[in-house]
Amino acid sequence: MFDVDGTLVDSTYLHAVTWWEGFRAGGHDVPIAQIHRAVGMGADRLLDHLLGVERDRSQDELVRAVHAERYAPYLSQLRPLPGAAKLLRACHERGQRVALASSATPEELTAMRRALSVDDVLDGATSSGDAQRTKPEPDIIEAALRLVGLSIAQAVYVGDSIWDIAACAKLGVPCVALTCGGTSRAELAGAGAVAVYEDPADLLTHLDDSPLTKA
């Protein structure tokens, strides 16, 4: 199973900048470095994490709306990260079930699937619309497991953020992490990733020796 934003598609920093614009529109001065570190959470969790649960929520909808508005023009410009499509195809050719399990909105996931152009090898895909709670809760990963008919013992997840690792840990699913989303190797390993690679191309190069061969 694969996360998509920042793992397979080069979108993490686009989200960070457009969330920054949303926060500014809502009167919140949040450093963009903090926003970047929160990308990977669902939008519902991200505001609580960065602004606190006791905040004045009167501008929350404006923040979300501006982020969505500013991010929308990028949907047609999204590009896969190096080796992303080849990695998914290689897993499929090995007879493995391949699923996307993302906290992205359904619209965003559709755009990323279009950029990847690998629907012919996907066994399923879930988005924020398929789960009540988003990452770092494990609901979306559980939904993907049900969709493709796999047990926890049969699954390995590939993500790029500590939130992916946290969600996997709550289920007991091993998480392979990639640094291409902007989080360091040391931090990903420290959060509990079972292995860390640079990007999908690096993971593909080492696929035979990776935890994915055990799935």
Legend entry - Cα shape, the range 50-163, gyration tensor, a/c 1.5 rule: oblate
Inset, instruction - If a/c stays under 1.5 just call it rounded; otherwise compare a/b with b/c (prolate if a/b is bigger, oblate if not). Do that for the range 108-205, with a ≥ b ≥ c from the square roots of the Cα gyration tensor eigenvalues. - result: oblate
Legend entry - Heavy-atom accessible area ranking, 1.4 Å probe, most first, across TYR197, TYR71, TYR13: TYR13, TYR197, TYR71
Legend entry - Spatially proximal lysines relative to LYS214 (Cα-Cα < 22 Å; intrachain offsets below 8 disregarded): LYS86, LYS170
Legend entry - THR110/ALA201 FRET efficiency (R0 25 Å; Cβ-Cβ; nearest 0.05): 0.55
Legend entry - Accessible area of CYS180 in the full protein assembly, 1.4 Å probe (Å², nearest 10): 30
Inset, instruction - With label points built 7 Å along Cα→Cβ from the Cα atoms of ALA169 and ARG79, find their separation and express it in nm. - result: 3.4
Legend entry - Percent antiparallel among DSSP beta bridges (both partners in the chain, rounded to 5): 5
Legend entry - Of the GluC sites (Glu not before Pro) in the range 22-129, those whose Cβ has at most 13 other Cβ within 10 Å and which sit in DSSP loop: GLU54
Inset, instruction - Write out the cysteines belonging to the chain for which the nearest other cysteine Cβ is not under 4.7 Å, or none if no such cysteine exists. - result: CYS91, CYS180
Legend entry - Answer label, with P(r) over Cα pairs in 10 Å bins from 0, in percent calculated from the coordinates and candidates [x] 9, 37, 37, 14, 3, 0; [y] 7, 29, 32, 23, 8, 0; [z] 7, 25, 26, 19, 15, 7, 1: [x]
Inset, instruction - With a 1.4 Å probe and every protein chain left in place, tell me how much accessible area HIS49 has, in Å² to the nearest 10. - result: 100
Inset, instruction - Calculate the dipole size of the chain relative to its Cα centre from +1 charges on Lys and Arg beta carbons and -1 charges on Asp and Glu beta carbons; express the result in debye to the nearest 20. - result: 200
Legend entry - Gap separating the Cα centres of the range 34-89 and the range 176-193, nearest whole Å: 19
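The values are calculated or read from the model by the stated rules, or taken from the named source; none is laboratory data. Computed from a predicted model, the values in this text were never measured in an experiment. Cβ: placed from backbone, ideal geometry, glycine included. Neighbour counts: every protein chain shown. These area figures cover heavy atoms from the full protein model, side chains too; ligands, DNA and RNA do not enter into them. Shrake-Rupley method; radii C 1.70, N 1.55, O 1.52, S 1.80 Å.
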